[in-house]
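Working notes, beginning with the structure itself.
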Amino acid sequence: MSPAPRRRSVLLATAAVTASATAPAVAATPVRHRASGPLVIGHRGAAGWRPEHTADAYAYAVRAGADWIEPDLVPTKDHVLVVRHENEIGGTTDVAGRPEFADRRTTRTVDGRAVTGWFTEDFTLRELRTLRTVERLPLVRNRNTVFDGRGRVMTFQEVIDLARRLSGESGRRIAVFPETKHPTYFRSIGLPLEEELIRVIRRNRLTARECVVQSFEPSSLHRIATARLGLPLWQALGTSGSPYGHAVTYRDMMSPAGLREIASYAQWIGPDKSSLVPPHTLLADAHAAGLKVGAYTFRAENQYLPAAHRRGAAPNDFGDAFAEYAFHYGQGVDAVVTDFPDIAVQAREGLRR
């Protein structure tokens, strides 16, 4: 059997099992070996198989072999860091169906964009605890909606505790990879992220093997750097425009001069995977500047794959994700950020063999 059909058969078998609300077999037995090759980072846990930022999603990611798990950080009204993709939670919790919170629906301007919904900064932690989590992309990942209502909003502290427990279970050191979300906005409303993040890191005595901090906003990373925590920092990079509140563009940041500037305060860059495809020279330029490179976000559905790796016409069907991993692993990336850590780990194993 040729390599490409074999990869597709494994992938489709995994999808078929999960569609019946049973986790793929790879998650049933925790992966205990240390990583050899690029790091695999569970994007919001294993967001392809479970509603993102839930305990189930994080545990699934680690048991599938992820080396790091990624919590996005936003604050509550009482300034507790919780993990949600955005501070607007209408699409990731059941708040829209909760009459007691109907009057909390509002419109806020976040990073220059008007957003309407329910926002974490308008809820105390105790109030958020009453909400239940739901799948953010129900039309794309209908299989995950079976888990709607089964999880709750987690604090960053709870993710740290879970990572340490899962480290013990797996026999591997699992790092947390927090992202400061909309830090300029939150600082403007009196709920700065960095000071509270630094406090939690110090309280837990997180080491460089246990925590890497990321942000799209350089100013947020500079604030973390001044605390001298001894942790690696990761500069996330968009594909166009500028980090909010900054004059420098992402294009400038990805130039050789821009990369040297990033290397003065960070150890990693995190570009969109499309920025690493030739004729782009970003990967080589970043390595030349002494930076490691972690690409985002790898997914298995056709709509998120390059055209050459899609299978069939349905946008939500799985394509040949293995081929995309093989390309980027072959190019020499240092890490991948993925919604499907099990597939990324299997692809890495194939590369090693």
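The values are calculated or read from the model by the stated rules, or taken from the named source; none is laboratory data. Note that the structure is predicted; figures quoted are calculated from it, not measured. FYI the Cβ positions are ideal-geometry reconstructions off the backbone, even for glycines, and counts take in every protein chain you see. Heavy atoms of the whole protein, side chains included, go into the accessibility calculation; ligands, DNA and RNA do not. Shrake-Rupley method; radii C 1.70, N 1.55, O 1.52, S 1.80 Å.
Okay, helix-only estimate at 222 nm for the chain: each DSSP H run of n ≥ 4 adds -39500 (n - 2.57), divide by all residues, round to 500 deg cm²/dmol; what do you get?
Numbers: 12 runs with 113 residues, N = 353.
Only helices count here, giving -9000 deg cm²/dmol.
Assuming a ≥ b ≥ c are the square roots of the Cα gyration tensor eigenvalues, decide whether the stretch 236-320 counts as rounded (a/c under 1.5), prolate (otherwise, with a/b larger than b/c) or oblate. Note, shape of the stretch 236-320 comes out prolate.
Each peptide in 252-262, 119-129, 83-93 gets a packing score, the mean of other Cβ atoms within 10 Å over its residues, and the list from highest to lowest is 83-93, 119-129, 252-262.
Solvent-accessible area of the chain (1.4 angstrom probe, protein heavy atoms only): carbon and sulfur portion equals 52 percent. Size estimate for the stretch 113-194 follows the Kirkwood approach: the inverse of mean 1/r over distinct Cα pairs works out to 15.6 Å. Gyration tensor over the Cα atoms of the stretch 276-338: the corresponding equivalent ellipsoid has semi-axes (square roots of 5 times the eigenvalues, largest first) of 25, 11, 9 Å. Within the straight-line cut-off of under 17 Å between alpha carbons, the lysines reachable from K273 are K292, sequence neighbours fewer than 8 places apart in one chain being disregarded. Taking 0.36 nm per residue of sequence separation and removing the Cα-Cα distance, the Q303/S255 pair yields an extension gain of 14.4 nm.
When ligands, DNA and RNA are left out and all protein chains stay put, how many square angstrom of accessible area per residue does the stretch 159-228 have with a 1.4 Å probe?
On the way: 2850 Å² over 70 residues.
I get 41 Å² per residue for this part.
If I take all pairs of Cα atoms in the stretch 147-264, what percentage of them are more than 21 Å from each other? Please report the intermediate quantities before stating the final value.
Numbers: 3205 of 6903 pairs.
Cα-Cα pairs in the stretch 147-264 separated by more than 21 Å: 46 percent.
Were the residues from R209 through S36 laid out at 0.36 nm apart, the gain over their Cα-Cα distance would be 60.7 nm. Here the convex hull built on the C-alpha positions of the chain has a volume of 137 cubic angstrom per residue.
Partner lysines whose Cα lies under 28 Å from the Cα of K77, excluding those fewer than 8 positions away in the same chain, are identified as K181. Just so you know, the Cα atoms of the stretch 52-154 work out to an Rg and Dmax of 13.9, 43 Å. Average accessible surface for the stretch 310-353: 37 Å² per residue, computed with a 1.4 Å probe over protein heavy atoms with every protein chain in place.
Given the stretch 305-346, report the % of alpha carbon pairs whose separation exceeds 13 Å. That tail contains 55 percent of the Cα-Cα pairs. Within the stretch 235-280, the ratio Rg/Rh, alpha carbon atoms throughout and Rh by Kirkwood, equals 0.94.
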